[in-house]
Structures are given as structure tokens and as C-alpha cells.
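Down below is the structure, laid out as C-alpha cells.
Computed from the coordinates by the stated procedures, all read-outs in this text should not be read as laboratory data. On a predicted model such as this, the values are computed, not experimentally measured, just so you know. We place every Cβ from the backbone using ideal geometry, glycine too, and count neighbours over all the protein chains shown.
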Amino acid sequence: MAQLNTTAQRPIGSPFDARSTAAQVLAGIDLSGKNVLMTGGYSGIGLAATTALAAAGAHVIVPARRPEQAVEALAGVGEVDELDLADLDSVAGFADRFLGSGRDLHMVINSAGVMATPHSIVGPGWESQFAINHLGHFALVNRLWPAIERGQGRVVAVSSAGHRTSGIRWDDIDFATGYDRWAAYGQSKTANALFALHLDALGRAAGVRAFSLHPGGILTPLQRHLSHQDQVDAGWIDQAGNVLVDWMKTPEAGAATQVWAATSPDLAGLGGVYLEDCEVAEPHDEAGGVPNGVHPWAADPEAAARLWALSAERTEVNAFAR
């Protein structure tokens, strides 16, 4: 396996931190005339990001599996269309409609996702967290590549500290030999980071850069598959629902890193790196005093290229095929 490239994966001196909000990150940035695609943009940190981006002047397109719910949640902010990331025909349909509009895409933020779901299979036998969190977004970005290339902007993959739970299980990606909901989530979040790493390598010549990130811990509908007792046992909340940990963020702070990744001039000329708390993360090094950061298996260029090839084979779409 290739060694972790630590040249770019190091802090750059960002003026923001874990408590910064999306609105603070966007202060002074005018996004008028910019089109932003935001999956998951009508719930949790995605909704907070959509609201902040729209307030800065961006036109935000929010594809949604439940468009009626999205329209209600967004209350007139942004543009809603239908998209189910678990259904590649739905992904293709949305992409065709958007490309048919002739518009450019200046930012794509892949914020939708599921976490710790019960075991389920979608498509032709794919484990659902890998399929929804990674493969659906992979197909979406590749199908939208003409608009992204014209926009010469950024693609942002919302990963998670959960990537530390598992690398890519090359011999059993779909958990045929036994399912672990947290390992499946971790694998999908590693896939998000590797996707951004390889997309950046492929797209930088066209002026498109890609980033992945950990948004932080936030209590949102992402936890819908965790029981109240699960969260009590994890030490996040007490029986009355009060938050017990000081690292838990508000949705507005949880949205900040993805908005920073998509818009910050401080990231000009960079790409392919994993971010956290509105900063470029360091490589994970427990013994060296970096308990968070990015693990080697989520920052390995060879693994990223291998995952890209596997994803292209599964989805039958690859904007960069020779």
C-alpha cells in the first residue's frame, strides 16, 4: 500500500475552528450567480448549509428522495428536484434533467447519507450504506461532470470520523459474511474520502478540485437508526435527552466545514485533502498526539484509484474513461 502523503495533509492556519458557523465562514463572500448542488440539503447540517449558501447569494439545487418534505423544510429557499441515491436510474434521471437545463455547476456538496442502518441490500446486491453514501454520489458526480467541468469549482464529499472504523473491505464490501452496522458505515465514509482524493487527481487539470471532511458530532436526523438508549449508552445524552459532551456541535457549526471546503479562498490551489473543524486535518497519530485526523487507509492514492475503478464497474459510469 502507498504511504500516506503528508505534504498536503497538514493545517494551513485557518481563521476558523470547531465552533465557527456556516454563516461566519461565508461572511464577506458573494456567491451571486453561483449554482450549488447540495444533496441532503433539506435536513440537519445540509439544511443549515443550504440556508447559509443561499443567504450568501448562491442558487442551491436540492435533490431529494422526499421532494414534498424538502419543499416544506426549505420554505422557498433553493430549488428542489427528485433524487434517490439508492436508485441509479433515479440518479441518471436527475442528472439528465439538470444537464438538459444547460447550467453550470460551481459547487457540489455530497452531504446526504445514512448511518448505522439495519442490514439491507439495494440494487444488484449492494450493501445499502456503501451504495447510498458512496456509489450513488459517485454516479451523480460522474454524470454531472460536463456541468461541473464548465463551472470549474469544487466537489465536497462529507465523510466522517467514522472512517476510522473501517477501511475498504475489498474481499467482502457487501458484508456477505456477516453484517456490522458501524463497520459498514465506516467503510462508506472511507469511500467518501477516497472518492474525493481520486476525483481531485482526475479533475484538477480541468480546474476542478475536491475535498472530503468530517463535519463533527451533531445530533440530527442522521441518528434516526439509533435508539434513545443507544445514544445514552454512548454517553452523548442522558435519559432526559440532555447533551453530555462538549464536542457536540450545533447544525450551524456542523455545516461550517463543508461550506468552508466549497467556498474558502484559503483553499485555492489545494485539493484531495481531508478536512475537519474548518482546517486541513493532520494524519491520525494516536501516539503522536493526533487522536482525530485522517487514517492512512482513507488517504491512500492507490486505494483511491482501485475504489474508483470498482465504483465505475458497479455503476457503469465513468466521466474519465479513456
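Comparing HIS214, HIS119, HIS163, which has the greatest mean-square fluctuation in the GNM of the chain with Cα pairs linked when under 10 Å apart? Maximum among the listed residues: HIS119.
Looking at the square roots a ≥ b ≥ c of the eigenvalues of the Cα gyration tensor of the chain, which shape do they give, rounded for a/c under 1.5, prolate if a/b is larger than b/c, or oblate? The shape class here is rounded. Note on PHE320 and THR117: the extension gain reaches 69.9 nm, defined as 0.36 nm multiplied by sequence separation minus the Cα-Cα distance. Is segment 267-308 best put as rounded, prolate or oblate by its Cα gyration tensor, with a ≥ b ≥ c the root eigenvalues, rounded for a/c under 1.5, and otherwise prolate when a/b is larger than b/c, oblate when not? Oblate is the answer for segment 267-308, as a/c is 1.5 or above yet b/c matches or exceeds a/b.
In deg cm²/dmol and to the nearest 500, what is the mean residue ellipticity at 222 nm of the chain if only DSSP H runs of at least 4 residues count, each as -39500 (n - 2.57), divided by the residue total? Walk me through the intermediate numbers first.
On the way: 11 runs with 109 residues, N = 322.
Computed ellipticity for the chain at 222 nm equals -10000 deg cm²/dmol.
Most tightly packed first, judged by the mean number of other beta-carbon atoms within 10 Å of their residues, the peptides 140-148, 94-102, 252-260 read 252-260, 140-148, 94-102.
Counted residue by residue at 0.36 nm each, then reduced by the alpha carbon distance between them, the extension gain from SER101 to ASP266 reaches 56.2 nm. Annotation: extensible slack from ALA92 through ILE12 equals 25.0 nm (criterion: 0.36 nm per residue apart, minus Cα-Cα distance).
When SER14, SER111 are ordered from fewest to most other Cβ atoms inside 10 Å of their Cβ, what list results?
Values: SER14 18, SER111 25.
Fewest to most other Cβ atoms nearby, the residues stand as SER14, SER111.
A Cβ-based charge dipole, computed about the Cα centre of the chain with Lys and Arg at +1 and Asp and Glu at -1, lands at about 620 debye. Amide H contacts of VAL60 (H built 1.01 Å from N, in plane; Pro and chain starts excluded): VAL36, GLY78, GLU79 sit under 5 Å, all sequence-distant by 5 or more or on other chains.
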